[in-house]
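Following: one structure in structure tokens, then a few remarks.
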Amino acid sequence: MDKKEGYVIFTPIINTISIVIGSLIGIFIKKGVPKNIQNILFYAVGLSTIGLSLTMILKTNNFLIVLSSLAIGGIIGELINIEGKLKKIGDTIKEGDFSTGFVTSSLLFLVGPLTIIGSITAGLTNDGSLIYMKSLLDGISSIVLSSIYGLGVLLSGFSVLVIQGLLVIFSSKLSFLTTPDYLNDLIAAGGVMVLGIGLKILEIKDTRVGNFLPALLICPLLVFLVNLF
């Protein structure tokens, strides 16, 4: 392992640190932010999340794959009750917005081309520049999100550490995800989930987005099966 490769392995840790630092800043300043400013930040995050989701959904190659992924993944998530388990963790910590903050920030930090392409590029080519850029963006986003949702955003950094770390480590086996066939539908499936987050943030509809998380595993599998025929 050369020195450059050694540094690249630490990119998920750097990304996690940026989220933790940003979250601590957001939690700290929350107490000094007037209610009307908190509300306008709340709306800004919700509306921006919906806008981001639309750009992601438009990347789809085959919306039937996206729909099927969400349907199958949603059923699995309901049977496992992912959202309920997250809420139970939040109740244990006695942080009212824990589960919303955790799911919202985890998805926003993990569902997107920068996460997939950046992690795989880092693992395959030892170039961590995309993850460094993502770390900066996530750090800024975590300040805003944690000022609204609190501790759940901070702990989402560890989901980034685990999932992004696995992507970097096993990148040689996952390089197929960077091809348009797989990447576009995966991003679109994530985009629909992010749309659900936007609706939840704005208190329009509680879509139990956490229960759709298995769809991110189902989507590449369906693309593979469709490409066989």
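Coordinate-derived values only; no laboratory data. Please read these numbers as outputs of a predicted model, since none were measured by experiment. Cβ: placed from backbone, ideal geometry, glycine included. Neighbour counts: every protein chain shown.
General remarks:
- Among N39, N15, N211, residue whose mean-square fluctuation peaks in a GNM of the chain (springs only between Cα atoms under 10 Å): N39
- Cβ crowding within 10 Å averaged over residues, with 58-64, 115-121 ranked highest first: 115-121, 58-64
- Between I75 and K35, the FRET efficiency from the beta-carbon distance, with R0 = 45 Å, is close to 0.70.
- Residue-averaged 222 nm ellipticity for the chain, from DSSP H runs of 4+ at -39500 (n - 2.57), nearest 500: -26500 deg cm²/dmol
- Listed residues P214, P12, P180, most fluctuating in the chain (Gaussian network, C-alpha, under 10 Å): P180
- Anisotropy class of the stretch 150-229 from Cα gyration tensor, a/c 1.5 cut: oblate
- Highest-MSF residue in the chain out of I37, I163, I131 [GNM, Cα springs under 10 Å]: I37
- Neighbours of P220 by Cβ distance under 14 Å: Lys/Arg scored +1, Asp/Glu scored -1, total -1.
- Axial C-alpha extent at least 27 Å, average Kyte-Doolittle at least -0.5 - helices from the chain (DSSP): 11-30, 35-57, 129-149, 151-169, 180-201
- Remark: relative contact order (the chain) = 41 percent; criterion is Cα-Cα distance under 8 angstrom and separation of 6 or more residues.
- When only Cα pairs below 8 angstrom with a gap of at least 6 residues are kept, the stretch 109-200 shows a relative contact order of 40 percent.
- Taking a ≥ b ≥ c as the square roots of the eigenvalues of the alpha carbon gyration tensor, the chain is oblate, as a/c is not under 1.5 and a/b does not beat b/c.
- Normalised by the number of residues in the stretch 154-229, the average gap of Cα pairs under 8 Å and 6 or more apart makes the relative contact order 27 percent.
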